[in-house]
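Quick notes on the structure that follows.
The values are calculated or read from the model by the stated rules, or taken from the named source; none is laboratory data. Everything numeric in this text was worked out from a predicted model, so none of it was measured. As a convention, Cβ positions derive from the backbone with ideal geometry for all residues, glycine included, and neighbour counts pool all protein chains shown. When the accessible area is computed, the model is the full protein with side chains, heavy atoms only, and any ligands, DNA or RNA have been set aside. Shrake-Rupley method; radii C 1.70, N 1.55, O 1.52, S 1.80 Å.
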Amino acid sequence: AWGRGLTPERGPAREGGSRPGPGLRAIGFDATRPGFDLAWGAVVAAGIGGTGLMLYLGAHAAGANLTVVPESLPDVWWKMPVLILAAIQNAVVEEVIVLGFLVLRLGQLGWSPAAVLVGSSVLRGTYHLYQGIGGFFGNVAMGVIFVWLYRRWGRVMPLVVAHALIDIVAFVGYALLAGRVGWLPTA
C-alpha cells in the first residue's frame, strides 16, 4: 500500500525544536544519493515533460487549454539565470510541500494510501487551473505518478530534479522559441 520506500510512521522528531515532525532528510530531500536523484529525475522529466508538451498542444488545439505563457521577462542579460532559478524554486517548494510533507503527514493522520494519492494529486491540479482544464488534468496525472514514485523511492529529491528540469525546459524553451516557431501557442 505505502510501498517499500515510505511509510506513514517515518520521520523522527526534529532536534532542537519543540514540535515533532519529519525533517528534510526524512522525506529524502538531501544530497545523499546524487547519482540516483539526477539520473531518475532526468528520466522522469523526459517522460512527463515530453508527454505533457504533447498533451498541452493537443488540449490547446482542441480548445480545452488556455495559452500558457511561462515567462514574460524583458530581453536582459539576467533573463535566463532568473528563469532557471524560478524553475528550481517552483520544484523545491511544490515537491517538498505537496509530496514530502503532505503525503507523509496525511498518512500519519490515518488517511488511506488511495485518499492521500487523490488528495495530493487533486491539490496539484487545482493550483494549476490557471492553465485551463487541460492543465488541471495533466497536473493531476503528474501528481499520481509523482506520489507513486515518491512512495516507491521514499525520496522527494529525484522528483524535485524532474520538476526543475521540466520547468527549466518550459521557461527557457518558451523564451527561445516563442514567436519563432509556428507550433508553439503564444499570447
On the accessible surface of the range 80-186, probed at 1.4 Å with all protein chains in place, carbon and sulfur together account for a percent value of 75 percent
Expected sort for 154-166, 131-143 on mean C-beta neighbours within 10 Å, highest first, is 154-166, 131-143
proj_area_mean for the range 80-186 (convex hull on C-alpha atoms), units nm², value 7.1 nm²
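Students often check this: by mean Cβ neighbours within 10 Å, which of 60-72, 172-184 ranks highest, and how do the rest follow?
In decreasing order of mean packing, 60-72, 172-184 become 60-72, 172-184.
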A 1.4 Å probe over the protein heavy atoms gives the range 33-74 a carbon and sulfur accessible-area percentage of 74 percent
With the chain reduced to its Cα atoms and the Debye formula applied, log10 I(q)/I(0) at q = 0.12, 0.13, 0.18 1/Å amounts to -0.61, -0.71, -1.20
Probe 1.4 Å, heavy atoms of protein chains only: per residue, the accessible area of the range 58-149 in Å² is 51 Å²
